[in-house]
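The values are calculated or read from the model by the stated rules, or taken from the named source; none is laboratory data. Remember, it's a predicted structure, so these values are computed and weren't measured experimentally. Glycine also receives a Cβ, built like all others from the backbone with ideal geometry; neighbour counts cover every protein chain displayed.
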Amino acid sequence: MGKTFLDKIPLVSMIQCKTANDCIYKIRRSLTDGAEAFGIQLCQLKREERTDEKLKSIFASCDDKPIYVTSYRYNESEGLTDDECADLLIKALKCGATLCDVPGDLFDKNDYQITSDKAAVLKQKELISDIHSMGGEVLVSTHDFRELSFDEIFNIAKLQAEHGADIVKIVVKSTSINMLPDYIKAMQRVTEELKKPILFLDVGACSNVLRKTGGLLGSCMYLCVESHSELDTPAQPTIKQVNVIRREMNNESNNN
C-alpha cells in the first residue's frame, strides 16, 4: 500500500502558514521532531501561493509521508464559493495530497454541521467519488462544538459514512471530564459497527486528554503542531509532547 492514513495511527503535524516557504520551514522542523504525516490547511495559504508549482513544492518537502489537506471557507478562503473550496481539494490531490477533508456541510453552509439537504448530499457524494477515482482518501468532518451523547456521535458518523467517508471526524465541546467514558465508547462503537476510523476531538474539558492520548483510546490519528506560533491551534499539542506520552504508554503496556 502507498501513502495512506488508513493503516496506522500517525502523529500528524498540522501546518497553518501564509506562504509556501513558511510551510516548508515548518514541515522540515516537524520531520526533525518525528512527524509521521502532515495536515496542510490550505485555507490559511494566501491565494497567490496556491499555484501547482508551490503546492507541489510544499508536498515534496513532506518526505513522502501521507498528506491531509483542508479547504475550509474561512481565513484566506473567505468569500470563495463552496465549489471553489472543493476545486482546491481536487487541485491539491493532483499535486500530491493523500487525504481530503470534506466538511459535512459542504454545498449547504450550516456552521460545519452535517447536512441533510438532498442536493448538497448528492454533490458531496459526487465530489467524494471523484476523489476516490483519483486514488485519494476522504475524511468527512463535522465541527459540532456541543456536548454530544453516545448516540448523537454515532448517528453523525453514520451519516458521514453514508456520504462516502473513509474516515469520520467529529469535534465536540465537553463541559465535564465525566464525558470521557462515553466519548471512548462512542469511538469504539463507530470503529466496530461502521468499520470506519474516527478522528474524535474535543475543545472543552476533555480536550487535553483526547488530544494527547486519543490514539490510544480509539482515535485514528493525533493532530499536533511543531510549535505554537500565531496561526497554530493552541489546543493542539506539540509533536514532541505526544511522542513522549505515546512512547511511555506503549512501554508500560509492553512491560505488563
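Here is how the numbers come out for the structure above:
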quantity	calculated
Residues located in segment 131-152, provided they are at pLDDT 95 or above, in contact with a helix residue (DSSP H, G or I) (Cβ under 7 Å, 6 or more places away or on another chain) and of a type outside the set (A, V, I, L, M, F, W, C)	Gly136, Thr142
One residue from Leu216, Leu199, Leu210 being over 18 Å from Gln160 (Cα atoms), at pLDDT 95 or above and not in a loop (DSSP other than H, G, I, E, B)	Leu210
Residue in segment 21-41 that is part of a loop (DSSP other than H, G, I, E, B), small (Gly, Ala, Ser) and within 23 Å of Glu126 (Cα to Cα) present	no
Selected residue (criterion: surrounded by the most Cβ atoms within 10 Å (Cβ to Cβ)) from residues of segment 30-80 that are at positive phi and in contact (Cβ under 8 Å) with a residue 40 or more places away in the chain	Gly34
Any hit, segment 82-93, residues being closer than 22 Å to Leu45 by Cβ, of a type in the set (D, E, K, R), modelled with pLDDT of 95 or more and not in a helix (DSSP H, G or I)	no
Qualifying residue in segment 180-196 (condition: at pLDDT 95 or above, surrounded by fewer than 22 Cβ atoms within 10 Å (Cβ to Cβ) and closer than 22 Å to Ile67 by Cβ)	yes
The listed residue being under 22 Å from Arg73 (Cβ atoms) and not in a loop (DSSP other than H, G, I, E, B), out of Thr191, Thr142	Thr142
Any hit, segment 206-219, residues being of a type in the set (S, T, N, Q), out of contact with any helix residue (DSSP H, G or I) (no Cβ under 6 Å at 6 or more places or on another chain), surrounded by fewer than 16 Cβ atoms within 10 Å (Cβ to Cβ) and within 22 Å of Cys17 (Cβ to Cβ)	no
Those residues of segment 234-256 which are among the hydroxyl-bearing types (Ser, Thr, Tyr) and either at pLDDT below 95 or part of a helix (DSSP H, G or I) (or both), in sequence order	Ser253
Positions within segment 125-136 being assigned to a loop (DSSP other than H, G, I, E, B) and under 19 Å from the mean Cα position of the chain (by Cα), in sequence order	Gly135, Gly136
Test result for Ser13, touching a helix residue (DSSP H, G or I) at 6+ places or on another chain (Cβ under 7 Å), touching a residue at least 60 places away in the same chain (Cβ under 8 Å) and buried (at least 21 other Cβ atoms within 10 Å of the Cβ)	yes
Some residue of segment 101-124 being over 24 Å from Cys23 (Cα atoms), in contact with a strand residue (DSSP E or B) (Cβ under 9 Å, 6 or more places away or on another chain), without any contact (Cβ under 8 Å) to a residue 60 or more places away in the chain and part of a helix (DSSP H, G or I)	yes
Criterion (within 22 Å of Gly135 (Cβ to Cβ) and among the hydroxyl-bearing types (Ser, Thr, Tyr)) met by exactly one of Ser30, Ser57	Ser57
